[in-house]
Amino acid sequence: MATGIGVVLALGLHPVFPTQALAQSSTENEIAAVEILAPQQTIDIRVGRWDPIQETYTAWEAVGGAFLISSSGTVTLPLIGNMPAAGMTPDELGAGIAQRVQERMGLNDEIQAIVTITEFAPIYVMGDVRSPGAYPYAPQMTVLQALSLAGGIDRASPALVRGERSALNSLGTYRVMELELLRRLATLARLEAEEAGSEMMPPKELLSAPLGAELIAQEQRILQSQKSAFASSLAQIDELESLLQERINSLRVQADLRQQQLKLLEEELENAAGLVERGLTTVARQSTLQRDVADQQVRLLEVDTARLNAEQRLNETRRDRLKLTNERSRERVQGLQDQRAAIGELRIRMETEAALFAEAMRTGNGLVELSVMSPPQLQVTRMRSEGPTTFAVGRNDLLEGRDVLEVVLDAPSPNDSIPVRRLSPAQSGVLEQGSLPGSLSGADKTDPAAAIADIPPT
């Protein structure tokens with residue numbers, strides 16, 4: 001960690017204040033004579049008093065210590081409060097601190113202050129480097145030194161291009177995606193048929209493929225199986241609804257019969273009560289009839305309760321039917337959306353692989369010379385009083401704390417010509433073009449559309 005040290009100031013008579021902040025220009029590569037305080041720096045402050053009579057020095061530890069310069073460029077000290085620091089040298093800040101302490105305490109003796117930079121604000125390296133991030137700053141650090149901290153420029157090494165091998169790889173990938181496309185087309189036809197409630201109508205693309213008939217047969221079996229399972233579930237619900245409805249009707253009949261029995265018992269009880277009053281029958285007969293009425297009322301309540309439970313179960317069964325139907329409809333709609341999206345993506349990827357196949361056949365074998373590309377662009381973003389400023393720098397320009405160094409490598413555009421050093425078939429270790437399978441050797445190497453048409457069918 002680099003350190004800048006302020007001098008001891010004797011400020012009894014003539015305090016010194018800065019008139020202009022010293023600046024370091026990294027663009028012009030000037031070397032500053034002193035370090036300048038800046039935000040995010042950590043400084044160590046020591047304040048003390050010299051007694052010329054006793055010839056002793058007393059350190060005031062309560063005032064000093066380690067302090068961080070805030071983002072606004074100020075530092076907050078005990079007893080003194082907020083003081084501007086950014087743009088000053090350590091000596092100038094020490095002079096200001098000594099003057100402020102002298103004024104606050106009303107002393108005429110010599111106050112001495114020492115300001116030391118113990119930690120500088122970091123720098124930031126980003127872009128095409130191996131290890132972008134924040135790094136500690138050291139005085140007089142150059143752009144080249146910052147690049148070395150970040151691991152250097154992340155320039156790609158020469159790349160070996162194997163055109164025929166890449167063409168075979170693209171062909172294999174195309175074949176796999178073609179099979180996946182056929183499978184999804186068959187699934188989509190099944191879902192559309194199920195949604196419309198009709199027979200499967202496979203597309204012509206599927207009918208003309210060698211595996212199309214097998215895929216269609218598989219999806220038809222799945223369609224029949226799902227229809228059978230759905231119909232079986234609905235049949236079970238229908239059967240349960242019929243049983244519950246019969247149970248409800250039976251309970252209603254029982255309730256009516258018991259209601260009639262209860263009415264007859266109540267009439268008989270009423271007659272018995274009149275006979276008891278006239279002394280024509282016994283009280284025991286009246287009590288027996290009262291028990292029969294109460295028992296019949298309990299039985300009627302049980303029947304009504306059983307009927308209500310059956311009606312509730314019937315409502316739940318109807319909800320189950322609706323839930324089953326809605327869930328099956330939701331699965332079909334979701335399946336249609338997923339299959340259509342996947343088919344669209346597969347078609348795009350197949351076009352890309354076909355284009356890569358054509359490009360690989362056109363390129364052949366060789367070594368891409370990336371070392372001949374243009375040098376990196378270096379630029380620094382620096383915080384100034386008026387705001388951030390971005391400018392270009394060179395390898396030997398100086399940096400400041402809080403600088404953001406950006407490294408940009410110009411990538412070749414699609415129309416740029418990249419140098420390729422051609423290799424012979426023996427050097428590349430791949431098949432001769434004439435030995436490629438199928439019609440690859442006769443494909444148009446400049447037209448991706450022709451490459452798609454020229455790929456043999458699965």
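Below, the figures for the structure above:
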quantity: Candidates LEU265, LEU275, filtered to the one that is farther than 30 Å from ASP320 by Cβ, assigned to a helix (DSSP H, G or I) and touching a Ser or Thr at 6+ places or on another chain (Cβ under 6 Å); calculated: LEU275
quantity: Any strands (runs of 3 or more DSSP E) falling wholly within the range 107-220 and containing at least 3 residues that are touching a Leu at 6+ places or on another chain (Cβ under 9 Å) and in contact (Cβ under 8 Å) with a residue 12 or more places away in the chain; calculated: 110-119, 123-127, 159-162
quantity: Residues located in the range 266-290, provided they are within 30 Å of ILE248 (Cβ to Cβ) and surrounded by 12 or more Cβ atoms within 10 Å (Cβ to Cβ); calculated: GLU266
quantity: Filtered residues of the range 223-254 (kept if surrounded by 14 or more Cβ atoms within 10 Å (Cβ to Cβ) and either under 25 Å from GLN339 (Cα atoms) or hydroxyl-bearing (Ser, Thr, Tyr) (or both)); calculated: LEU223, GLN226, PHE230, SER233, SER250
quantity: Leading residue by the ranking (nearest to LEU147 (Cα to Cα)) among those in the range 378-387 that are at pLDDT 90 or above and not hydroxyl-bearing (Ser, Thr, Tyr); calculated: LEU378
quantity: Residue selected from the range 291-300 under the condition among the charged types (D, E, K, R) and without any contact (Cβ under 8 Å) to a residue 40 or more places away in the chain, by the criterion most open to solvent (accessible area, probe 1.4 Å); calculated: ARG291
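The values are calculated or read from the model by the stated rules, or taken from the named source; none is laboratory data. The structure presented is a predicted model; accordingly, all values stated were derived computationally and were not measured. Please note: Cβ atoms are built from the backbone with ideal geometry, for glycine as well, and neighbour counts cover all protein chains shown. Calculation scope for accessible area: heavy atoms of the full protein, side chains included, ligands and nucleic acids excluded. Shrake-Rupley method; radii C 1.70, N 1.55, O 1.52, S 1.80 Å.
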